[in-house]
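The values are calculated or read from the model by the stated rules, or taken from the named source; none is laboratory data. Quick caveat: nothing in here was measured; it's all calculated off a predicted structure. Positions of Cβ are backbone-derived with ideal geometry, glycine not excepted, and every protein chain shown enters the neighbour counts. Side chains are part of the model used for accessible areas, which takes the heavy atoms of the whole protein and leaves out ligands, DNA and RNA. Shrake-Rupley method; radii C 1.70, N 1.55, O 1.52, S 1.80 Å.
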Amino acid sequence: MCGIVAYIGHKEAYPIIIKGLKRLEYRGYDSAGIAISNNGALSVYKKQGKVSNLEALIAQESVQGTAGIGHTRWATHGEPNDINAHPHYSSDGKIALIHNGIIENYDAIKKELINKGYSFRSETDTEVLVHLVDDISKVEGVWYGEALRIALNHVVGAYAIVAISPDFPDRLVAARKSSPLVVGIGENGEYFCASDASPIVEYTKNVVYMEDEEIAVIDRKEGLKLYNIGDQPKTPYIQKLELELEALEKGGYEHFMLKEIHEQPRSIHDCFRGRLNAEKGWISLGGIRDYEQKMIQANRLIIVACGTSWHAGLVGEYLLEDLARINVEVEYASEFRYRNPIIHENDVVIAISQSGETADTLAALELAKSKGATILGICNVVGSSISRITDAGYYTHAGPEIGVASTKAFTAQVTILTLMALQLAHKKGTISQSRFHELLSELEAIPEKVKQILAKNDHVESISKAYKDASNALYLGRGSSFPVALEGALKLKEISYIHAEGYPAAEMKHGPIALIDENMPVFVIATQGNSYEKVVSNIQEVKARKGKIIAIVTEGDTHVKAMADHVIEIPAADEVLVPLLATVPLQLLSYFIAVMRGCNVDQPRNLAKSVTVE
Ligand code: F6R
């Protein structure tokens with residue numbers, strides 16, 4: 001949610017910053033802007049819309065300078081236009097800054113500044129901050145970095161900030177609270193700052209993940225210095241990035257989303273690599289080994305998450321309750337954090353988050369921690385805020401997910417939850433040894449089965465043609481296929497803008513059935529298992545109202561095939577593992593439908609990948 005990038009060194013800053021903004025565009029694409037410092041002045045360019053609009057604006061200019069900042073915006077305060085775009089700068093043009101987050105008390109500060117004679121160009125909360133820094137700098141007679149530190153002591157909210165001033169040509173100042181910020185350390189006084197490591201990895205693998213309420217003074221002559229906002233110096237902890245540049249490229253696919261869907265055999269495999277050995281019959285989840293007993297004895301496991309990650313949590317609930325017989329509750333993080341939930345010390349709260357930065361999920365964890373619960377995390381992004389505040393956790397190892405719609409992260413989260421459920425069930429003795437072994441072998445075979453589904457790419461594409469003009473769609477499933485139905489509906493609505501709803505199949509009769517007519521596509525997960533016959537009855541109910549059935553069935557199924565308008569077969573698997581397979585054709589269907597409708601599948605309107613505001 002907003003991407004920020006900055007550079008200071010000995011190369012031209014503009015190309016590095018523009019490239020960085022393109023890598024961060026998944027975080028917001030309402031507007032983009034840069035400020036470059038050169039010869040005692042700042043050149044600021046801002047443009048509504050994508051980074052390419054900004055590039056077009058600057059194409060005829062000669063932007064020079066070896067220090068600069070850039071921003072790609074997901075609008076919170078003020079509509080997406082050129083004026084509200086970042087960077088924002090002081091009236092004398094001597095301080096500019098970029099910001100990801102929200103200044104909650106901006107209104108009160110703005111009124112004070114207006115009383116002092118400051119005038120505002122934009123409607124943003126960020127502009128308030130830049131005038132506040134300017135004011136403190138002038139009133140207190142301090143340099144802008146110190147003024148920023150003082151200003152942040154007055155600010156309520158979340159921020160990742162980088163500020164620049166042409167009066168201090170060798171310096172950038174960065175600060176963070178609740179929004180992510182990474183500093184990259186290059187060679188010979190070259191430094192990078194960004195919301196995540198993707199703009200940095202091309203230049204250096206040495207990074208410092210900033211902590212909450214830290215300020216970094218980055219000076220190409222004097223090096224990187226870290227302080228807390230109380231001005232006490234801190235020692236930067238330099239880490240090595242494991243990210244590879246190729247993971248950030250499309251690799252020949254038309255869209256990142258398609259690439260990421262097709263990566264799933266590998267990402268699921270990477271997720272259990274080293275954690276599962278079916279032949280020898282063990283699971284080893286190093287990250288949470290010390291907490292296994294606690295989980296087994298816990299009052300409840302509470303899973304907190306948002307969006308797709310919440311759907312993964314629902315699949316986890318089925319798995320953990322069914323296999324390990326542990327009481328699980330799955331909560332929307334945004335609801336949990338504000339409804340005064342009952343949390344006991346012997347509750348274990350597990351956050352699921354691809355980005356590891358989702359503001360509501362982070363806040364839900366902080367709340368649980370403050371009440372004494374054990375907090376665990378399932379995250380994809382290494383070094384993310386959630387992974388750092390949890391007592392322990394798992395990385396999903398799905399690799400960078402750049403398409404805004406989550407695909408491979410979901411199946412990786414479900415893989416981790418499956419491993420967790422199996423391990424706890426095994427320890428607790430709630431499944432037999434033979435079933436444990438059988439499920440381990442089945443899990444190990446999942447990547448190959450996903451490959452077989454992906455080979456049906458063209459078949460799914462041809463089915464998609466029939467539904468590309470739909471206005472509504474229903475998704476039905478039972479048991480652990482119900483969250484898969486929810487996920488299928490979310491994928492369709494977020495990238496194709498077709499209104500879609502997911503329901504437990506039997507719930508259809510309690511309202512949604514009224515929507516069914518000959519124009520309504522109904523996607524049904526009708527694989528072999530305990531509720532197969534019941535789902536078949538639900539399909540008949542839809543057919544009786546002339547709805548169109550697109551069924552995900554187990555290979556060889558002839559019964560549903562005879563009733564459905566279209567079927568997509570998936571390889572047979574134990575019911576417990578069906579979500580990992582049934583999700584894949586639904587992802588492909590959404591992808592193709594959205595492409596056929598001419599939608600930007602990687603950057604759907606109004607969305608951003610990393611939701612760092614509540
Ligand atoms: C949908 C999607 C979102 C995210 C949600 C949580 O495709 O990607 O619903 O799942 O914003 O994000 P994370 O998992 O990063 O906490």
With θ set to phi - 60°, apply the Karplus curve 6.51 cos²θ - 1.76 cosθ + 1.60 along region 172-181 and write out the HN-Hα couplings as whole Hz, x wherever there is a Gly or Pro. 10, 10, 10, 8, 9, 8, 6, 10, x, 7
Just to confirm the filter: which GluC sites (Glu not before Pro) across region 484-559 are DSSP coil and have at most 14 other Cβ within 10 angstrom of their Cβ? Glu518, Glu555
Tabulate in residue order the Karplus-calculated ³J(HN,Hα) for region 16-21, using 6.51 cos²θ - 1.76 cosθ + 1.60 with θ = phi - 60°, rounded to whole Hz; enter x for Gly and Pro. 5, 6, 4, 4, x, 5
Check: in region 455-600 the Lys pairs 8 or more apart or on separate chains whose Cα atoms fall under 13 Å apart number 4
Carbon and sulfur atoms account, in whole percent of the 1.4 Å probe accessible area of region 504-614, for 48
In nm, to one decimal, how far is the Ala466 label point from the Ala108 one, both placed 7 Å along Cα→Cβ? 6.1
Measure off, as a whole percent, the carbon and sulfur share of the 1.4 Å-probe accessible area of region 3-247, all protein chains present. 47
By how many degrees, between 0 and 90 and to the nearest 10, does the Cα long axis of helix 578-596 differ from the longest principal axis of the chain? 60
Between helix 408-428 and the chain, what is the angle of the helix's C-alpha long axis to the longest principal axis, kept within 0 to 90° and rounded to the nearest 10? 60
Take every DSSP beta bridge with both residues inside the chain and express the antiparallel ones as a percent of the total, to the nearest 5. 60
1.4 Å probe accessible area per residue over the chain, in Å²: 37
Rank these by accessible area, largest first, 1.4 Å probe: Leu24, Leu245. Leu245, Leu24
Positive end of the dipole of region 3-247, charges at C-beta (+1 Lys, Arg; -1 Asp, Glu), about the Cα centre: which of Gly65, Ala247, Ile34 has its Cα farthest in that direction? Gly65
Leaving ligands, DNA and RNA out of it, rank Tyr497, Tyr144 by accessible area with a 1.4 Å probe, largest first. Tyr497, Tyr144
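With +1 on each Lys and Arg Cβ and -1 on each Asp and Glu Cβ, how big is the dipole of region 364-431 about its Cα centre, in debye rounded to the nearest 20? Walk me through the numbers before you get to the answer.
Details: 6 positive and 3 negative charges, 41 e Å.
I would put it at about 200 debye.
For Ser432, Ser309, what's the largest-to-smallest order of accessible area, 1.4 Å probe? Don't skip to the end; give the middle numbers.
Values: Ser432 60, Ser309 15 Å².
Heavy-atom accessible area, descending, gives Ser432, Ser309.
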Using a Debye calculation, one point per C-alpha and no hydration shell, please list log10 I(q)/I(0) for the chain at q = 0.05, 0.06 Å⁻¹ in order. -0.23, -0.34
What residue among Pro341, Ala489, Ser195 has its Cα farthest toward the positive end of the dipole of the chain, where the charges are +1 on Lys, Arg and -1 on Asp, Glu, each on the Cβ? Ala489
Value of Rg to Rh for region 477-614 (Rh from inverse mean 1/r over Cα pairs, i.e. Kirkwood): 0.98
Quick one: Cα centre-to-centre distance for region 73-141 and region 475-523, in angstrom? 44
Roughly how many Å² of Lys111 are accessible to a 1.4 Å probe, to the nearest 10? 120
Over what distance in Å are the Cα centres of region 154-216 and region 248-289 separated? 30
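Working from the alpha-carbon coordinates of region 213-345, get Rg over Rh, Rh being the Kirkwood radius.
Details: Rg = 21.3 Å, Rh = 19.9 Å.
Here the Rg-to-Rh quotient is 1.07.
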Can you give me the relative contact order of the chain as a percent, contacts being Cα pairs under 8 Å and 6 or more apart? 12
Just how large is the dipole of region 34-179 about the Cα centre, in debye to the nearest 20, putting +1 at every Lys and Arg Cβ and -1 at every Asp and Glu Cβ? 200
Can you run phi through the Karplus equation (6.51, -1.76, 1.60; θ = phi - 60°) for region 345-354 and list ³J(HN,Hα) in whole Hz, with x for Gly and Pro? 5, 9, 8, 10, 9, 10, 8, 10, 7, 4
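Ignoring everything except DSSP H segments at least 4 long, calculate the 222 nm mean residue ellipticity for the chain; use -39,500 (n - 2.57) per segment, divide by total residues, nearest 500. Can you show the working numbers first?
Values: 19 runs with 223 residues, N = 614.
Dividing the helical sum by the residues of the chain leaves -11000 deg cm²/dmol.
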